Structures are given as structure tokens and as C-alpha cells.
Amino acid sequence: MDDVVDPRSVAESLKSLWAPRIVGEVDNAYVKVAKICGSLTWHAHEDDDEMFMVLRGQMQIEMEKQTVTLREGEFFVVPKGVRHNPTAEHECLILLFERKSTQHTGDVQLKNTRTIEQQLRQE
């Protein structure tokens, strides 16, 4: 991963929703992009913070005590252990920054939960 990366272009090329793609590494963290629409699921990452940044569109992150709305260019960090549910009314492109130990859907396993190996593959 020594090339210049255009995260928006990579996210636009994704064929599946809610299927993050790893596009870079920073120390013990991955930089990921995803195309989202609808709702993922309520989940938590007990030991990991998770940063969401909107590359195109708008999304919401529902949490038990608040819901935040993110627009293009904005980011929010969900603190470790906080149950959250990312949603987007319309297709949205996002960038994620999370430790390499962070599981895609945290403490919940779904049929579309992606392993790290799946997130490293090209579609």
C-alpha cells in the first residue's frame, strides 16, 4: 500500500453496500472506505474507537444518548463501548479509521459481516 489513494474513487467503485474495503494502514489502524445506504445494525466495539467521515452524501450515527448527522467532509468518533447504528437515507460514501482489531459489526454477527481478509480483497 505505497500508492496515492483517492478514497472517494475507491468507495464509488464498490459494488456492495456495507462492505468496507481497506485502502491503507497507519501504525496499528486501518483506513477503510465503504458505500452505505439504509441501516447496518446496532452494535458496539468494546475496546475500539471508530471514526466515520463522510466523503459524499450524508449519514446519521444513532447512539443511545444522541444521534449525530454527518455531512460531506465531517467526521465523528464513536467512543469504544458505545452502542451505535450507522444509517444513511440515500447512498453515502464514507471513510473509516479503526484499529486492526476492530470487528466489522462489533459484538453482532450478520450474514453480511465482513472479515478483515474480505475487507482486504478487491471486489
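The values are calculated or read from the model by the stated rules, or taken from the named source; none is laboratory data. Computed from a predicted structure; not experimentally measured. So basically every Cβ, Gly included, is an ideal-geometry build from the backbone, and we count neighbours across all protein chains shown.
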Which pairs have Cβ atoms under 6 Å, sit 6 or more apart or on different chains, and link a residue in region 52-64 that is free of Cβ contacts under 8 Å to residues at least 24 places away in the same chain to one that is not aliphatic (A, V, I, L, M)?
Met63/His84; Glu64/Arg83
I want to confirm something. Restricting to region 1-15 and keeping residues that are touching a residue at least 12 places away in the same chain (Cβ under 8 Å) and in a loop (DSSP other than H, G, I, E, B), which single residue is surrounded by the most Cβ atoms within 10 Å (Cβ to Cβ)?
Leu14
Failed condition for Phe52, given (1) closer than 14 Å to Leu96 by Cβ; (2) not in a strand (DSSP E or B):
(2)
Is it the case that region 78-101 has a residue that's under 21 Å from Ile22 (Cβ atoms), among the polar types (S, T, N, Q) and either modelled with pLDDT under 95 or in a strand (DSSP E or B) (or both)?
yes
Restricting to region 16-27, give me the number of residues that are within 13 Å of Cys92 (Cα to Cα) and either not in a loop (DSSP other than H, G, I, E, B) or not polar (S, T, N, Q) (or both).
4
Could you grab me the full set of residues in region 70-83 that are surrounded by fewer than 16 Cβ atoms within 10 Å (Cβ to Cβ) and hydrophobic (A, V, I, L, M, F, W, C)?
Phe75, Val77
What are the pairs, 6+ residues apart or on separate chains, where a residue within region 84-104 that is in contact (Cβ under 8 Å) with a residue 40 or more places away in the chain and surrounded by fewer than 18 Cβ atoms within 10 Å (Cβ to Cβ) has its Cβ under 8 Å from a residue that is outside any strand (DSSP E or B) and among the small types (Gly, Ala, Ser)?
His90/Gly57; Glu91/Gly57
